[in-house]
1. Tally the residues that are in a helix (DSSP H, G or I), open to solvent by 10 Å² or more (accessible area, probe 1.4 Å) and not hydrophobic (A, V, I, L, M, F, W, C), restricting the search to region 138-147.
2. Answer yes or no as to whether K162 is free of Cβ contacts under 8 Å to residues at least 60 places away in the same chain and open to solvent by 40 Å² or more (accessible area, probe 1.4 Å).
3. If I filter region 193-204 for residues that are more than 15 Å from ligand 1 (Cβ to nearest atom), farther than 26 Å from P86 by Cα and crowded, with 19+ Cβ neighbours inside 10 Å, do I get at least one hit?
4. Quick one: count up the residues across region 51-88 that are within 16 Å of ligand 2 (Cβ to nearest atom) and basic (K, R).
5. Considering each of S296, S280, S302 in turn, give the residue that is touching a helix residue (DSSP H, G or I) at 6+ places or on another chain (Cβ under 8 Å) and more than 16 Å from ligand 1 (Cβ to nearest atom).
6. Picking from R82, R66, which residue would you name as being buried (at least 20 other Cβ atoms within 10 Å of the Cβ), within 16 Å of ligand 1 (Cβ to nearest atom) and of a type in the set (D, E, K, R)?
7. Filter region 211-240 for residues that are hydrophobic (A, V, I, L, M, F, W, C) and open to solvent by 10 Å² or more (accessible area, probe 1.4 Å); which is nearest to ligand 1 (Cβ to nearest atom)?
8. If you take the residues of region 241-261 that are closer than 22 Å to T180 by Cα and within 13 Å of ligand 2 (Cβ to nearest atom), which of them is surrounded by the most Cβ atoms within 10 Å (Cβ to Cβ)?
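The values are calculated or read from the model by the stated rules, or taken from the named source; none is laboratory data. For clarity, every value in this text was computed on a predicted model and none was experimentally measured. So basically every Cβ, Gly included, is an ideal-geometry build from the backbone, and we count neighbours across all protein chains shown. Remember, those area values only see protein heavy atoms, side chains included, never the ligands or the DNA or RNA. Shrake-Rupley method; radii C 1.70, N 1.55, O 1.52, S 1.80 Å.
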Amino acid sequence: MRHLNRRHFLGAGLLLGASALLGKETPSKPIAIPQEYTPPIIAFPEKKPMVAISDRPPLLKSAKGREIFTQAITPNDEFFVRWHLPDIPTHIDLNEFRLEVKGSVNTPLSLSVDDLKSKFEPTEVAAVLQCGGNSRKYYAVTGQATHGVQWDHGAMGCAIWKGVKLKDILNRAGVKESATWVGLNGLEKPAMDETPDFFREMEIAETLQDQIIVAYAMNGEDLPYLNGFPIRLVIPGHFSDSWVKMLSEIMVMDTYRKSFFMDVAYTVPDNDCECVVSGSDFEYKRKPIATMKVKSVIGYPSPDTLIKKGSRVKIAGVAFDQGKGIKEVMISLDGGKSWSAAKLGQDYGKFAFRPWSFEWEPKTKGDFTIMARAINRIGNIQPLPDEIGWNAGGYQYNAVDNVNVKIV
Ligand SMILES: Nc1nc2c(c(=O)[nH]1)N[C@H]1C(S)=C(S)[C@@H](COP(=O)(O)O)O[C@H]1N2
Ligand SMILES: [Mo]
C-alpha cells in the first residue's frame with residue numbers, strides 16, 4: 001500500500017491542482033483570495049479552441065463560457081476536460097488496450113474494447129458530468145476563498161453515454177463473497193513516485209446499480225481522447241471525480257485501500273451540512289464527496305449584457321440534481337423578492353441537464369439581477385448565495401445562480 005504523509009498533502013496541495021501535489025505545506029490562515037488571471041485559448045486534438053486553465057495536465061473549459069449551458073447536450077468538442085496528472089498516454093493502441101478485471105474474482109478478465117462492444121449488452125444513459133469543484137470560485141462571494149482550481153460553472157457538461165453495465169462485467173468475472181470494495185484505475189501513471197496514482201474506490205453494493213456503466217461512446221461517437229478514450233466509468237448522479245477515464249483496471253478487493261484522491265482530495269466535512277465555519281481550512285473530519293446537489297445555471301444572458309428596453313429576451317439555462325429529477329426552476333428579476341416558474345424543455349432522463357427558458361420583456365431601464373433557483377422532485381432546493389455552507393476544498397457549490405444585466 002502506498003504510504004502517504006497526510007499532512008504533506010493538506011491545504012496547498014489542492015490550491016494549484018496536480019502541480020502542487022508535489023510539495024508545499026499548509027498555508028497559513030486566512031486563505032488568500034486568488035488573483036484574477038485570464039487563461040489562454042488553446043486548440044487541443046478533437047476539441048474546438050478552449051480556455052486552457054492549464055495545459056499540462058489539460059484543464060479546459062468551453063470558450064463560450066456560460067452560453068454552452070443553454071442546451072441539454074454538450075458537444076464533445078466543447079466538453080470540459082480535467083486531468084490530475086501530467087503524464088497521460090500520448091497514444092492508445094486498441095489492439096493492445098485491455099480492461100483488466102482482477103483481484104477477488106473467480107475468473108479474471110482481460111477485455112478489449114471490441115469485447116465490450118460485442119460480448120455484452122449495450123446500454124445508454126444521458127448524464128451530467130460535473131467536477132466536485134465546479135463553480136468553486138463563487139464561494140469567494142462569501143468572503144472566504146477556497147482551495148483548488150477556481151472554476152466558474154465551466155467544469156460540467158451533459159452527454160449521452162453508451163457502454164456496458166459495470167455490474168455485467170463484475171458478474172462475468174464472478175465476484176467472490178469476501179469482496180467488499182472495487183478499485184478503479186486509469187491508464188495514466190504518476191510522473192513521480194511520491195505523486196499519488198489516480199485511483200478510486202466504490203463499495204461493492206454501489207457498483208451493482210444499473211445506471212453505472214463503462215462507456216465507450218459519448219454522444220454517438222468514440223470518447224474524445226481527453227475525455228477518457230477508449231473507455232471511462234460513468235456514475236450518473238455522482239460527482240465526476242470517480243468517473244475514471246482511460247479505465248484500464250478494475251480491482252475487486254477484500255479490504256479498502258487508502259488513496260489520496262479518496263481520502264484527502266475530494267472530501268467535504270463529515271457532518272450533516274457538509275460544511276464548516278468559513279475560513280476554517282481543512283481541520284475537520286472528512287468524507288468523500290458523492291452525489292450531486294440540485295443546481296441550475298443561467299446560460300443566457302451572460303453577465304453585463306446590455307439589453308434594449310422593450311426587446312424580447314429568452315433567459316435560458318440548465319438544471320439537474322442527483323437523479324431525482326427537476327420539478328421546477330424559478331426565475332427572479334428583482335433580486336429574489338418574487339419568483340416565477342421557467343418553462344422546462346426536453347427531458348432526457350433524470351440524470352441529464354433539464355433545459356429551461358423564461359421569456360422576458362424588460363419595460364424599464366436600469367440594472368437587473370436575474371436569478372435562477374431549481375427544486376427537485378423530493379423538494380431539495382438550491383440555497384441562496386449567502387446561505388450556502390462553506391468547505392475549504394470549495395466542493396459541491398450549488399447556490400442560486402445570478403447574472404447582472406443592464407437594460408438601456
Ligand atoms: N484517469 C483519470 N480519470 C479521471 C480524472 C483523472 O485525473 N484521471 N479526473 C476525474 C475528475 S476530478 C473529473 S472532474 C473528470 C473530468 O472528466 P472530463 O475530463 O471528461 O470532463 O474526470 C475524472 N476522471
Ligand atoms: Mo474533478
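1. Going through region 138-147 one residue at a time, the tally reaches 2.
2. Working: free of Cβ contacts under 8 Å to residues at least 60 places away in the same chain: yes; open to solvent by 40 Å² or more (accessible area, probe 1.4 Å): yes.
For K162, the condition - free of Cβ contacts under 8 Å to residues at least 60 places away in the same chain and open to solvent by 40 Å² or more (accessible area, probe 1.4 Å) - is met.
3. To start, the set of residues in region 193-204 that are more than 15 Å from ligand 1 (Cβ to nearest atom) comprises 193-194, 203-204.
Subset that is farther than 26 Å from P86 by Cα: 203-204.
Cutting the leftovers down to crowded, with 19+ Cβ neighbours inside 10 Å gives us none.
No, region 193-204 contains no residue that is more than 15 Å from ligand 1 (Cβ to nearest atom), farther than 26 Å from P86 by Cα and crowded, with 19+ Cβ neighbours inside 10 Å.
4. Result for region 51-88: 2.
5. Numbers: S296 fails: touching a helix residue (DSSP H, G or I) at 6+ places or on another chain (Cβ under 8 Å); S280 fails: touching a helix residue (DSSP H, G or I) at 6+ places or on another chain (Cβ under 8 Å).
S302 is the lone residue from the list that is touching a helix residue (DSSP H, G or I) at 6+ places or on another chain (Cβ under 8 Å) and more than 16 Å from ligand 1 (Cβ to nearest atom).
6. On the way: R66 fails: within 16 Å of ligand 1 (Cβ to nearest atom).
Checking each option against the conditions leaves just R82.
7. Of the residues in region 211-240, the ones hydrophobic (A, V, I, L, M, F, W, C) are 212-215, 217-218, 223, 226, 229, 231, 233-235, 239.
In the following step, the residues that additionally are open to solvent by 10 Å² or more (accessible area, probe 1.4 Å) were identified as 217, 226, 229.
On the way: A217: 14, L226: 6, F229: 10 Å.
Residue satisfying both the conditions and the ranking: L226.
8. Within region 241-261, the first condition is being closer than 22 Å to T180 by Cα, and the residues that meet it are 241-244, 247-261.
Within this subset, residues satisfying the condition of being within 13 Å of ligand 2 (Cβ to nearest atom) are 241-244, 261.
On the way: D241: 23, S242: 22, W243: 24, V244: 26, F261: 19.
Selected residue: V244.
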